[in-house]
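Comments concern the structure below.
The values are calculated or read from the model by the stated rules, or taken from the named source; none is laboratory data. Values in this document were obtained by computation on a predicted structure and should not be read as measured data. Virtual Cβ from ideal backbone geometry, glycine too; neighbours counted across all protein chains shown. Surface accessibility is based on the protein's heavy atoms, side chains included, excluding ligands, DNA and RNA. Shrake-Rupley method; radii C 1.70, N 1.55, O 1.52, S 1.80 Å.
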Amino acid sequence: MNTADQTLFLIKTRGPQTAQQLAALLDLTSMGARKQLESWQDKGMVTYEDVADKPGRPSRRWLLTEAGHARFPDRHAELTVQLIDQVRSLFGDAGLDKLIQSREASSERDYRLHLAGARDLPERVQALVQARTAEGYMAEVESQDDGSLLLVENHCPICAAAKQCQQFCRSELDLFQRVLGPDCSVGRVEHMLAGARRCVYLIKQI
């Protein structure tokens, strides 16, 4: 991945960044990071907001535009939306529910295979993260001070489908709960469809 692409990737996975933060992550000078950002700005991929988070001069934070987010895979969004509309038109909501249930069952089989060798909850979550990353979700896990875990998804490759049919999101939440097991609770605490930049699931041992 070249430096220009790394710049977009870091903003995508870490959220809004200052030029200084990006410079440190990319091992560039601040001037070099600004050149990367200005180049992407000229292409309409990034924009900025000035945030007064401390006394004095506001800090400039760079974030992706809609076009910037669209550079990451979306699994043929237009075709997916058309297919959902066709299924609903031909078979009604009941037919769409069957489609979602079938997809969920297939995903559950795949995830259980990934989790088969995991011994405890952190290992199960890590295995699920690897499976989701392979599907394009840019997933990672973060440990919290209280022992809970955050499953973070920085990208949604089925976002267009989820906007058209929100049962996809409800289906995934239930699916995570089943494959991770009855000894934990799973809740969504950030949601792209609600305006967040990522989806985050809080996982607690019971």
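Comparing 37, 81, 9 along the charge dipole axis of the chain, the residue lying farthest to the positive side is 37, per the Cβ-charge model. Taking 112, 103, 132 and ordering them by how much accessible surface each has at a 1.4 Å probe, largest first, produces 112, 103, 132. Close amide H contacts of residue 65 (hydrogens built in the peptide plane, cut-off under 5 Å, sequence separation of 5 or more or a different chain): 46, 47. Shown in residue order for segment 143-157 are the 3J(HN,Hα) couplings computed by the Karplus curve 6.51 cos²θ - 1.76 cosθ + 1.60 at θ = phi - 60°: 8, 9, 4, 8, x, 6, 10, 10, 8, 10, 10, 7, 8, 10, x Hz (x for Gly and Pro). Against the main long axis of the alpha-carbon atoms of the chain, helix 3-14 sits at an angle near 60°.
On segment 1-110, 50 percent of the accessible area sits on carbon and sulfur atoms, based on a 1.4 Å probe. GNM remark for the chain: springs join alpha carbons under 10 Å apart, and the peak mean-square fluctuation among 16, 55, 157 falls on 55. Accessible area of residue 9 (1.4 Å probe, protein heavy atoms only, ligands and nucleic acids ignored): about 80 Å². Summarised as an ellipsoid, the chain has semi-axes of 34, 23, 15 Å, derived from the eigenvalues of the Cα gyration tensor scaled by 5 and square-rooted, with the largest first. Each Cα pair under 8 Å and six or more residues apart adds its separation to the average, and for the chain the resulting relative contact order is 16 percent.
For residue 133, the accessible area of its heavy atoms, probed at 1.4 Å with every protein chain present, is near 60 square angstrom.
Picking from 44, 56, 117, which is most flexible by a Gaussian network model of the chain using Cα springs under 10 Å? Sorting by GNM fluctuation, first place goes to 56.
Dipole check for segment 76-205: with +1 at the C-beta of Lys and Arg, -1 at the C-beta of Asp and Glu, and the Cα centre as origin, the magnitude is about 220 Debye.
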